[in-house]
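First comes the structure, then the notes that go with it.
What follows is calculated from the coordinates using simple rules that are stated; it is not laboratory data. Just so it is clear, the model here is predicted, and its values are computed rather than measured. Here the Cβ positions follow ideal geometry from the backbone for every residue, glycine too, while neighbour counts run over all protein chains shown.
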Amino acid sequence: MSKLIKVAELPDVPPGHARALTVEGQALALFNVEGIYYAIADTCTHDGGPLSDGEIQGTTVTCPRHGAQFDLKTGAVMGPPAFEDVPSYRVVVDGSDIKVEV
């Protein structure tokens with residue numbers, strides 16, 4: 001059964017930035033793209049790189065290790081060398097709280 005867990009507050013993740021989180025034992029990356037928040041697994045499926053350290057362009061993040069790209073909305077692979085998607089998580093903003101459904 002999934003539940004919403006507070007992971008941050010709005011000022012913690014400014015626009016154009018990401019934050020690495022551990023939620024219920026899972027490594028997640030929380031992204032702010034022009035005031036819209038997205039959460040995906042923080043581990044690249046190609047080589048385990050931290051996606052929270054990747055370059056953000058629109059709703060795509062590029063892994064800092066080998067350049068694999070992932071869609072922040074769905075976790076889908078957008079470019080090699082990764083071929084496997086990462087999980088994505090629903091994000092809810094409640095007042096100034098940011099919550100992720102896990």
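Which parts of segment 1-44 would a label at SER96 reach, counting a residue when its backbone N lies under 13 Å from a point 7 Å out along Cα-to-Cβ?
Inside the label zone: 8-13.
Applying the Karplus parametrisation 6.51 cos²θ - 1.76 cosθ + 1.60 with θ = phi - 60° to the phi angles of segment 7-14, what ³J(HN,Hα) value in whole Hz is obtained for each residue in order, glycine and proline being reported as x?
Here the 3J(HN,Hα) series is 10, 6, 10, 3, x, 5, 10, x Hz.
Sequence-distant or interchain residues sharing an amide H contact under 5 Å with CYS44, placed H: which?
For CYS44, whose amide H was placed from the backbone, the distant partners under 5 Å are GLY49, LEU51.
How long is the gain from ASP85 to THR59 if the chain were fully straight, where each residue apart is worth 0.36 nm and the alpha carbon distance is subtracted? Spell out each step's value before the answer.
Values: separation 26, 0.36 × 26 = 9.36 nm, distance 1.48 nm.
Length difference between fully extended and current span is 7.9 nm.
Say the dipole of the chain comes from +1 at the beta carbon of Lys and Arg and -1 at that of Asp and Glu; which of TYR38, SER2, PHE70 then lies farthest toward its positive end?
SER2
Net charge near ALA18, counting Lys/Arg +1 and Asp/Glu -1 over other residues with Cβ under 13 Å of its Cβ?
My count for the surroundings of ALA18 gives -3.
In the chain, if the dipole is taken from +1 on Lys/Arg beta carbons and -1 on Asp/Glu beta carbons about the Cα centre, which of GLY95, ILE56, THR22 is farthest to the positive end?
Sorting the options by dipole projection puts first GLY95.
Considering only the other residues whose Cβ falls under 12 Å of the Cβ of ASP53, what net charge follows from Lys and Arg at +1 and Asp and Glu at -1?
Overall, the nearby charge balance is 0.
What label, among (i) 12.5, 39; (ii) 16.9, 57; (iii) 37.3, 113, belongs to Rg and Dmax of the Cα atoms in Å computed from the structure on display?
This structure yields the entry labelled (i).
For a quick check: with amide H placed at 1.01 Å from N, whose amide H comes under 5 Å from VAL7's, ignoring anything fewer than 5 positions away on the same chain?
Result for VAL7 returns ILE98, LYS99, VAL100.
Only Lys, Arg, Asp and Glu count, each charged at its Cβ (+1, +1, -1, -1), so figure out the dipole size of segment 4-101 about its Cα centre, rounded to 20 debye.
My answer is approximately 40 debye.
What does the charge count near ALA82 come to, summing +1 for each Lys or Arg and -1 for each Asp or Glu among other residues with Cβ under 13 Å from its Cβ?
Summing Lys and Arg as +1 and Asp and Glu as -1 gives -3.
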